[in-house]
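The values are calculated or read from the model by the stated rules, or taken from the named source; none is laboratory data. The shown structure was predicted, so the numbers you read here are calculated from the model rather than taken from an experiment. With ideal geometry, Cβ positions are generated from the backbone for all residues, glycine too; neighbour counts draw on all protein chains shown. The area values use the complete protein model at the heavy-atom level, side chains included, leaving out ligands, DNA and RNA. Shrake-Rupley method; radii C 1.70, N 1.55, O 1.52, S 1.80 Å.
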Amino acid sequence: MLDRSFLRWPFFEARHRALADELEIWAARHCAHVDHRDVDAACRELVRKLGHDGWLKHTAPGDDPSETIDVRTLALIRETLARYSGLADFAFAMQGLGAGPISLFGTSAQKACWLPKTRSGAAIAAFALSEPASGSDVANISTKARRDGGGFILDGEKTWISNGGIADLYIVFARTGEAPGAKGLSAFIVRGDNPGLSVAERIEVIAPHPLARVAFKDCRVGADDLIGTSGDGFKIAMTTLDVFRTSVGAAALGFARRALAEAANRAKSRELFGAPLSELQMVQGHIADMAVEIDAAALLVYRAAWTKDTGAARVTREAAIAKLYATEAAQRVIDAAVQIHGGDGVRSGHPVETLYREIRALRIYEGASDVQKIIIAKAALSSAAGR
Ligand SMILES: Cc1cc2nc3c(=O)[nH]c(=O)nc-3n(C[C@H](O)[C@H](O)[C@H](O)COP(=O)(O)OP(=O)(O)OC[C@H]3O[C@@H](n4cnc5c(N)ncnc54)[C@H](O)[C@@H]3O)c2cc1C
């Protein structure tokens with residue numbers, strides 16, 4: 001039985017507890033047996049179901065101008081879905097990240113055109129920032145957008161694009177050249193069926209998800225497809241990541257909770273040396289370390305989410321700490337779960353083997369762990385300055 005006592009922490013309100021209870025039932029029914037053999041079809045189906053049953057409405061605000069994204073809700077949904085299926089979590093998360101620049105910086109017309117579709121599951125979203133020569137070094141983006149008549153023409157290439165190949169909507173960051181580096185980027189809405197957009201390569205990874213390298217050649221977009229002001233692209237990307245980075249920590253937390261549940265069940269049911277494995281103190285030591293790391297990760301994830309929801313303009317430091325700790329801790333927790341399972345832990349398709357593959361990319365994308373450390377160190381050094 002999963003320990004759900006964390007839902008009584010003061011970070012949460014009654015609506016969060018109600019949502020967590022409802023989602024638990026939904027996820028057990030719809031996400032426990034996702035077929036990963038055709039990830040595109042599985043992902044499309046998950047987006048459809050998540051939209052149909054109302055979960056995607058939490059990924060972007062609705063028509064009411066007072067509505068905002070609630071990061072605690074995002075985090076609760078991601079950790080719950082991740083506990084059942086990495087692909088279900090991915091399908092949910094990308095609708096939020098992909099639509100994020102529009103929900104945070106879009107015009108009323110852009111919001112009215114796209115958000116009802118991403119919230120209902122009618123349109124699949126992608127966030128196209130990384131390039132072959134600029135992953136961590138975002139300011140080095142070379143995809144260009146030049147003004148042409150009333151609009152822009154995009155040329156270049158993006159890689160590692162989640163939902164690449166199946167997305168209806170890509171948010172593409174390109175160089176418009178107002179200034180060198182980070183200050184010369186802008187964000188554009190590009191429709192998946194734009195004739196100037198093509199999939200150059202489908203990328204296969206250790207935990208399969210729809211992923212592609214996407215090429216833009218004479219890709220024409222309208223002036224009304226520019227998000228915010230030209231030159232604001234870097235700010236738009238970083239602010240969006242600031243909101244969604246905490247939820248990456250939440251997904252890692254969900255993976256870690258599942259790993260602990262699997263390890264505890266195994267330790268109690270496996271007989272070794274005439275007694276259950278769980279009676280060996282070294283195994284208990286692993287279980288204790290897992291439980292401590294999970295609670296610490298949860299505290300940091302929900303601290304960051306609560307800080308954002310209760311009015312902080314930016315949570316760069318808190319989100320970086322949450323993502324760094326939760327993803328690194330989840331890797332250790334899952335590794336311990338594999339160890340407790342012995343040979344079965346590396347058997348293809350076993351839940352802990354799947355978790356072992358699923359967790360790895362979370363320490364790389366939306367800012368690698370090393371990059372999070374730089375953000376945290378900068379904040380610590382600047383708050384210590386002058387004392
Ligand atoms: C499964 C998956 C899904 C992804 N989805 C998307 C997506 O939807 N949209 C998108 O735009 N991108 C996406 N990415 C790309 C991802 O954001 C990049 O892979 C990531 O930013 C790292 O960039 P890179 O791969 O070019 O590695 P590099 O930038 O070459 O970095 C390699 C390593 O160097 C180290 N490093 C980097 N910078 C520093 C530093 N300043 N100090 C110390 N060490 C450092 C880190 O360990 C890093 O892992 C995805 C990646 C993966 C693996």
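Taken over region 103-145, residues that are within 19 Å of Ser198 (Cβ to Cβ), among the small types (Gly, Ala, Ser) and within 11 Å of the ligand (Cβ to nearest atom) amount to 4.
Of all residues in region 35-65, those being open to solvent by 60 Å² or more (accessible area, probe 1.4 Å) and closer than 22 Å to Thr246 by Cβ number 1.
Would you point out which residue out of Val333, Val315, Val346 is farther than 20 Å from Met238 by Cα and open to solvent by less than 10 Å² (accessible area, probe 1.4 Å)?
On the way: Val315 fails: farther than 20 Å from Met238 by Cα; Val346 fails: open to solvent by less than 10 Å² (accessible area, probe 1.4 Å).
Just one listed residue meets the conditions, Val333.
The residues on offer are Pro61, Pro65, and the sole one that is modelled with pLDDT under 95 and under 19 Å from the mean Cα position of the chain (by Cα) is Pro61. Number of residues in region 14-32 that are β-branched (Val, Ile, Thr) and not in a helix (DSSP H, G or I) equals 0. Applying the criterion of being open to solvent by 10 Å² or more (accessible area, probe 1.4 Å) and either at pLDDT below 95 or among the β-branched types (Val, Ile, Thr) (or both) to the residues of region 167-177, the residue that is nearest to the chain's Cα centre (by Cα) is Thr176. The numbered conditions (1) surrounded by fewer than 21 Cβ atoms within 10 Å (Cβ to Cβ); (2) among the acidic types (Asp, Glu); (3) without any contact (Cβ under 8 Å) to a residue 60 or more places away in the chain are all true for Glu293 except (1). Among the residues of region 89-114, the ones that are surrounded by 23 or more Cβ atoms within 10 Å (Cβ to Cβ) and either hydroxyl-bearing (Ser, Thr, Tyr) or more than 14 Å from the chain's Cα centre (by Cα) (or both) come to 5 in all. State yes or no: is Pro180 open to solvent by 10 Å² or more (accessible area, probe 1.4 Å), out of contact with any strand residue (DSSP E or B) (no Cβ under 9 Å at 6 or more places or on another chain) and without any contact (Cβ under 8 Å) to a residue 12 or more places away in the chain? Answer is yes for this residue.
Checked against (1) open to solvent by 10 Å² or more (accessible area, probe 1.4 Å); (2) touching a helix residue (DSSP H, G or I) at 6+ places or on another chain (Cβ under 8 Å); (3) part of a helix (DSSP H, G or I); (4) touching a residue at least 40 places away in the same chain (Cβ under 8 Å), Ser136 passes all but condition (3). When Asp148, Asp155 are checked against the criterion of being away from the ligand (no atom under 16 Å from the Cβ), open to solvent by 10 Å² or more (accessible area, probe 1.4 Å), in contact with a Cys (Cβ under 9 Å, 6 or more places away or on another chain) and touching a residue at least 40 places away in the same chain (Cβ under 8 Å), Asp155 stands alone in meeting it. Residue count for region 198-230 under the criterion of being away from the ligand (no atom under 16 Å from the Cβ) and either open to solvent by less than 20 Å² (accessible area, probe 1.4 Å) or under 30 Å from Ala82 (Cα atoms) (or both): the result is 2. Every condition in (1) of a type in the set (D, E, K, R); (2) under 22 Å from Arg360 (Cβ atoms); (3) not in a loop (DSSP other than H, G, I, E, B) holds for Arg37 except the one numbered (3).
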